[in-house]
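Below is one structure, written out as structure tokens, with a few remarks after it.
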Amino acid sequence: MRAHLLHHRRDLFVLLIGLVILGLNIEEIIHCGQNSGCIDPYWADFWLISYSDGYSRRALIGQLIQVLVGDIVDYRLLNAVAFFIAIAIPLLVYAKYFSRQTGVRNWSLPCIFVISGPATVLLFEVLGDLLQVSFILVIGYFFISGWVGAGASLLLAAIVSLLAVLIHEASMFAFLPAVYLIHCLRHQKRISFWGPMLVIFIGASILGVVLNTQNASMPSAGLKLRDLSIYYPPHDPLPPFSALLGHELSAYLGSIRSVAYLFIRVLGVSIVPVASVFLLSSAFNDRRLPTLFAFLSALSLPLYAIAHDWGRFSIYTFLLSLLLSSLASSDRVVRIPLFQRAIDRFTDLAHETALPPVCLCVLTLVFRSWRDYRSGGLLKFDLVLAVAAIVLVAFYVRRYSKPQQRG
């Protein structure tokens, strides 16, 4: 009993350290001295666009705000809503995932590695991102789907999916696969990889052809700023998907140098989520997490061809994987064609690796807040530092640590 109490107190102390590191990272990344508060005007613009100004993608939230609040929105209200969402997402995801792991020795060390890094900090870097509203909808569906039958859950999944896409079209790739998995896992339905891929392809085709053009007009809604002036966002129409695709392809495949930059960028945005998946799979014997992360990543790949915020998408995918892993009951929830053998090998390696607590402390402390993580992930010195830390930990584990013996 006494030993259990000591372990409990130690875990609480470690979590407190993690929260302090998280606070320092958030303080470094967020800018609250702006006239619009802590939300960058780029993100605030999308909360003010509505259908009354002509058709526009991402106009649903602005329409609801105009109905509920009126044409003038106080910046304090917008900041309060954005902060509530940015806090609620990691709080609900981490509580659901790590509450299942508290019986594991030193569970708090993997926890602070995750909560103090980009998986949490990014949500405040992109404070006001409409995709976070879609994320909250998906989390709401995650909990409600457990209280209703399969038929009602399917209907609710369709409604949540539609609303998420109307809030932000990137939800088609970022969140619809997660909604599909939630329904199947909650109600013991067979999981297919090709089924959701076909649905997403059809939906994306409709968006790309029927809903591609927009009507540009001056938004009627404004934001009341700190200096009491009213800010009206410029309403330049969002570019067509074909233009976005052409821009991204020319940026990364236009020359040998751009291809090299593409490789560095892929490494920069993937190293933290993949290392986190490996760490958690190893520490908690979570064989579900790698497959779930790979499933969601594979179906979200089109996003990376038409959008620039790769770091943002990879972190949202990682958080969704944690949420779904807390729900999955079988070791392998789905098989991913062509890649399942590699995923199984990754999972087996994590399962066999004994990661000493000192390694977790090293990995936690080398990470600090990174500006513009939403776009390129880790860049330059931060990427080199992270790679070096992981290489040193791998060397230590290989040379001094014995494989884990698990049943």
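Structure notes:
- Scanning the stretch 25-46 for residues that are surrounded by 14 or more Cβ atoms within 10 Å (Cβ to Cβ), more than 24 Å from S116 (Cα to Cα) and out of contact with any Asp or Glu (no Cβ under 8 Å at 6 or more places or on another chain) turns up S36, P41, A44, D45, F46.
- First in the stretch 117-140 and basic (K, R), second anywhere and surrounded by 22 or more Cβ atoms within 10 Å (Cβ to Cβ), Cβ under 7 Å, 6 or more apart: none
- Residue check, I112 closer than 24 Å to F13 by Cβ, surrounded by 20 or more Cβ atoms within 10 Å (Cβ to Cβ) and of a type in the set (A, V, I, L, M): yes
- Which numbered condition R257 misses (of (1) within 26 Å of R312 (Cβ to Cβ); (2) modelled with pLDDT of 85 or more): (2)
- Flag if I49 is surrounded by 14 or more Cβ atoms within 10 Å (Cβ to Cβ), in contact (Cβ under 8 Å) with a residue 60 or more places away in the chain and farther than 21 Å from V121 by Cα: yes
- Verdict on L155 being surrounded by fewer than 23 Cβ atoms within 10 Å (Cβ to Cβ) and at pLDDT below 95: no
- Flag for G195 being farther than 30 Å from P41 by Cα, in a loop (DSSP other than H, G, I, E, B) and over 14 Å from the mean Cα position of the chain (by Cα): no
- Filtered residues of the stretch 142-152 (kept if without any contact (Cβ under 8 Å) to a residue 60 or more places away in the chain and either under 17 Å from W47 (Cα atoms) or crowded, with 23+ Cβ neighbours inside 10 Å (or both)): S145
- Leading residue by the ranking (nearest to G203 (Cα to Cα)) among those in the stretch 217-243 that are among the small types (G, A, S), surrounded by 13 or more Cβ atoms within 10 Å (Cβ to Cβ) and at pLDDT below 85: S217
- The lone exception for I17 - which of (1) surrounded by fewer than 18 Cβ atoms within 10 Å (Cβ to Cβ); (2) closer than 26 Å to L292 by Cα it fails: (2)
- Of the residues in the stretch 190-201, at least one is without any contact (Cβ under 8 Å) to a residue 12 or more places away in the chain and of a type in the set (K, R).
The values are calculated or read from the model by the stated rules, or taken from the named source; none is laboratory data. These figures come from a predicted structure and were not determined experimentally. Quick reminder, even Gly has a Cβ in these numbers, built from the backbone with ideal geometry, and neighbours come from all protein chains shown.
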